[in-house]
Amino acid sequence: MNTTFDIIVAGAGHNSLVCAAYLARAGLRVLVLERAREIGGDTCTEELTLPGFKHDACASAHTLIQTSPILRDNELGLDRYGLKYLFPDPVLVMPFRDRRSLTMFPNRDATVKEIARFSERDAQAYEQLLLDWDAIKASYTRARYNPPAKPSNALAALEATSRGLEAVRWRFSSAVETVEERFEEEHVRAFFLWMSLMTMAWVDEPGTGLLPLSITAGRQAFSWTTPVGGSISLPRALAGVVRECGGEIHTNAEVMRILVENGRAMGVVMANGTRRCFHSSRQAFAGCHWTRDARR
Ligand SMILES: Cc1cc2nc3c(=O)[nH]c(=O)nc-3n(C[C@H](O)[C@H](O)[C@H](O)COP(=O)(O)OP(=O)(O)OC[C@H]3O[C@@H](n4cnc5c(N)ncnc54)[C@H](O)[C@@H]3O)c2cc1C
């Protein structure tokens with residue numbers, strides 16, 4: 001193949017596509033190579049049961065990304081490609097074995113009232129949890145959307161919030177410790193621990209202590225944010241931006257190896273043996289995802 005590119009992105013999951021979309025919009029010629037039949041990775045929507053019934057096979061709640069400039073400021077104009085979010089009411093209902101249930105509503109006061117059915121004290125603790133997250137969330141959002149800072153700088157930013165050293169202590173606690181410290185009633189504790197499991201982290205591991213705050217506050221603010229058409233609507237919209245800026249996306253295209261000459265990436269070798277090369281003066285490899293073979 002003769003076509004050359006400034007950037008080659010291996011994988012068309014939504015993270016790689018975000019990277020590809022910004023680079024394409026910056027004027028670089030971008031090629032995205034996806035080994036699967038469809039783009040999207042774990043942000044996929046498939047007919048898993050009956051024809052016409054589409055399911056999100058992995059990711060379903062697009063909550064965290066709501067605070068990203070991509071959506072918050074509509075930086076990429078993804079709505080032009082049909083991306084639209086729903087904010088379900090109620091957010092979720094948690095049934096318990098004793099036939100009781102706890103419902104979270106987008107309306108904060110309604111959620112507080114619901115928790116109060118189990119414990120007045122825990123209802124107040126929930127309000128305090130949201131206040132605590134409000135006090136520290138800016139330092140987290142800054143960290144997420146800026147180049148990685150040294151751990152010491154990240155901790156200093158947390159300590160500089162109005163919650164000071166206390167916030168650093170939460171950061172190093174486990175989610176279990178946070179929940180046990182803040183809530184007393186067993187249904188309420190179960191609810192917050194389940195919320196903390198959303199990132200599949202071990203909730204008794206030190207370092208997970210802020211999950212009960214961040215995940216619950218995210219759901220409280222943005223509900224169980226659901227894209228119309230399923231999770232796949234996000235990667236499809238991102239792919240629209242890549243293509244409108246002249247980028248190409250190829251599926252059934254597995255990257256096996258990165259070509260390196262004199263210490264510089266020159267291109268990639270595909271599973272079918274073809275090579276895709278970079279433009280000689282501006283080469284870069286945005287390899288967000290690697291197979292074992294691709295690492296060789
Ligand atoms: C069961 C489950 C539920 C989840 N629920 C949620 C949720 O509700 N909300 C949420 O925010 N997150 C959720 N997540 C996490 C979320 O799905 C992932 O964090 C996200 O999809 C990761 O996106 P990514 O682009 O980094 O990688 P991926 O989605 O993994 O995409 C990687 C892509 O690269 C391709 N690829 C890999 N190697 C190569 C190669 N050598 N050549 C070419 N292509 C290659 C793969 O085929 C894939 O398409 C869930 C994850 C799982 C597994």
When residues of segment 55-98 are filtered for being within 26 Å of residue 109 (Cα to Cα), part of a loop (DSSP other than H, G, I, E, B), within 17 Å of the chain's Cα centre (by Cα) and of a type in the set (A, V, I, L, M), how many remain?
1
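Residue by residue, here is whether (1) surrounded by fewer than 15 Cβ atoms within 10 Å (Cβ to Cβ); (2) of a type in the set (Lys, Arg); (3) more than 22 Å from residue 224 (Cβ to Cβ) holds:
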| site | (1), (2), (3) |
| --- | --- |
| 17 | no, no, yes |
| 20 | no, no, yes |
| 27 | yes, no, yes |
| 31 | no, no, yes |
| 36 | no, no, yes |
| 43 | no, no, no |
| 52 | yes, no, yes |
| 90 | no, no, no |
What residue, of 260, 241, is without any contact (Cβ under 8 Å) to a residue 12 or more places away in the chain and either more than 30 Å from residue 192 (Cα to Cα) or within 15 Å of the ligand (Cβ to nearest atom) (or both)?
260
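May I ask you to say which residue of 117, 144 is in contact with a Leu (Cβ under 9 Å, 6 or more places away or on another chain), farther than 21 Å from residue 189 by Cα and either surrounded by fewer than 17 Cβ atoms within 10 Å (Cβ to Cβ) or without any contact (Cβ under 8 Å) to a residue 12 or more places away in the chain (or both)? So that I can check it myself, show each step before the final result.
Details: 117 fails: farther than 21 Å from residue 189 by Cα.
Result: 144 is the single residue among 117, 144 that is in contact with a Leu (Cβ under 9 Å, 6 or more places away or on another chain), farther than 21 Å from residue 189 by Cα and either surrounded by fewer than 17 Cβ atoms within 10 Å (Cβ to Cβ) or without any contact (Cβ under 8 Å) to a residue 12 or more places away in the chain (or both).
Name the single residue that is modelled with the lowest pLDDT among those in segment 1-39 being assigned to a strand (DSSP E or B) and β-branched (Val, Ile, Thr).
The extreme case among them is 4.
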Flag for residue 50 being at pLDDT 95 or above, away from the ligand (no atom under 13 Å from the Cβ) and within 23 Å of residue 17 (Cα to Cα):
no
In segment 53-88, the residues that are within 12 Å of the ligand (Cβ to nearest atom) and of a type in the set (A, V, I, L, M)
57, 59, 61, 64, 65
Which one of 4, 43 is more than 9 Å from the ligand (Cβ to nearest atom) and either in contact with a Gly (Cβ under 7 Å, 6 or more places away or on another chain) or among the hydroxyl-bearing types (Ser, Thr, Tyr) (or both)?
4
Write out, first by first residue and then by second, each pair whose Cβ atoms fall under 6 Å of each other, whose residues are 6+ apart or on separate chains, and whose first residue, in segment 20-45, is within 21 Å of residue 245 (Cβ to Cβ) while the second is more than 11 Å from the ligand (Cβ to nearest atom) and among the acidic types (Asp, Glu).
28/6; 29/6; 31/248
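Would you say residue 188 is touching a residue at least 12 places away in the same chain (Cβ under 8 Å), of a type in the set (Val, Ile, Thr) and more than 23 Å from residue 64 (Cβ to Cβ)?
So residue 188 fits the description; yes.
The values are calculated or read from the model by the stated rules, or taken from the named source; none is laboratory data. This structure is a prediction, so every number in the text was calculated from the model and none was measured. For neighbour counting, all protein chains shown are included, and Cβ atoms are generated from backbone atoms with ideal geometry for every residue, glycine included.
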